[in-house]
Amino acid sequence: DTGVSQDPRHKITKRGQNVTFRCDPISEHNRLYWYRQTLGQGPEFLTYFQNEAQLEKSRLLSDRFSAERPKGSFSTLEIQRTEQGDSAMYLCASSLGRLAGPKDETDTQYFGPGTRLTVL
Amino acid sequence: GDSVTQMEGPVTLSEEAFLTINCTYTATGYPSLFWYVQYPGEGLQLLLKATKADDKGSNKGFEATYRKETTSFHLEKGSVQVSDSAVYFCALSRRAGSYQLTFGKGTKLSVIP
C-alpha cells in the first residue's frame, strides 16, 4: 500500500494560466475527494467521486475548476484562468467506502501530501 | 450546516506536559468524528476516530471520547513529546451521501524541551 500520491507537490504559475493537478488514490479505494486548504484554515471540501462518477461539488468549485476521474482510478483537477485567490494547498483523499473485515472504513479518508499552488 | 469549532492556538507546552485540545461540533444525526494531524510540510494523517456516542478513539498515546450530550470530541495526551509538535484538526463526517469531511480551523501545538 503506497498511500495517496499527488503530483506536482508545488506549482507556481502566473495569473491567467491554466494548471492541472493529478491524484493517485490508494488502490481499491472507490471514493476520491478534493479539498482546498488556505493558510491557517482547515481543509474545505471541493468535490467527490464514487468510482468514475462525480457525485457532489461544493459551491467553492467555480466554473473555472473541473475535475475528472476517468476509469475510476487517478483523478485530475484543472483550474483555468488562475487568479491570485486560487493560491492554496490542494489536497486529495481517498476512502474504501465500505466495511473492511472488522474495521468500518466507510468514512475514513486517507490524504495525500498535497499540491501547493502559488499564483503570481 | 455542519461545523466544527476548535480551541484557538497556538498552544505551547513543555515536554511531558498534559495536552487537551477542545473540539465541539454541530451536525444533524450521528456523525463520525476524527482527529487528523499535519506535520510541517506534510499532508494530513489520520490520528484517531470514533463513530458512535461514548466510543473512545486512541492512537500513539492520544485519546478522544465521543460525547454526544456535550457534542464534543476533545483530544488528550498524558505526556507530550517534542515530536508531537504539529497542527491538529478536528473533523466530522455525516454518515450519508458523500461522507465529506468538515474540519475545524486547526490548533498548532509546539512542544519545547
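What follows is calculated from the coordinates using simple rules that are stated; it is not laboratory data. As the structure is a prediction and not an experimental result, all values here were calculated from the model. Positions of Cβ are backbone-derived with ideal geometry, glycine not excepted, and every protein chain shown enters the neighbour counts.
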### Selection from the stretch B:84-113 of residues that are part of a strand (DSSP E or B) and within 7 Å of another protein chain (Cβ to nearest Cβ)
B:PHE89, B:SER93, B:LEU101, B:PHE103
#### Entry: the stretch B:2-42: number of residues that are on the phi > 0 side of the Ramachandran plot and either within 13 Å of chain A (Cβ to nearest Cβ) or surrounded by 13 or more Cβ atoms within 10 Å (Cβ to Cβ) (or both)
2
### Message
With the requirement that a residue be outside any strand (DSSP E or B) and either buried (at least 20 other Cβ atoms within 10 Å of the Cβ) or among the charged types (D, E, K, R) (or both), what does the stretch B:69-83 give you?
### Response
B:GLU69, B:PHE73, B:VAL80
### Task
Looking only at the stretch B:1-57, count how many residues are part of a strand (DSSP E or B) and in contact (Cβ under 8 Å) with a residue 40 or more places away in the chain.
24
### Task
Select the strands (runs of 3 or more DSSP E) contained entirely in the stretch A:1-41, then report the ones holding at least 3 residues which are acidic (Asp, Glu) and either touching a residue at least 12 places away in the same chain (Cβ under 8 Å) or closer than 21 Å to B:ALA86 by Cβ (or both).
none
### Query
Listed residues B:SER79, B:SER72; which is polar (S, T, N, Q), in contact with an Asp or Glu (Cβ under 6 Å, 6 or more places away or on another chain) and either farther than 27 Å from A:HIS29 by Cα or free of Cβ contacts under 8 Å to residues at least 12 places away in the same chain (or both)?
B:SER79
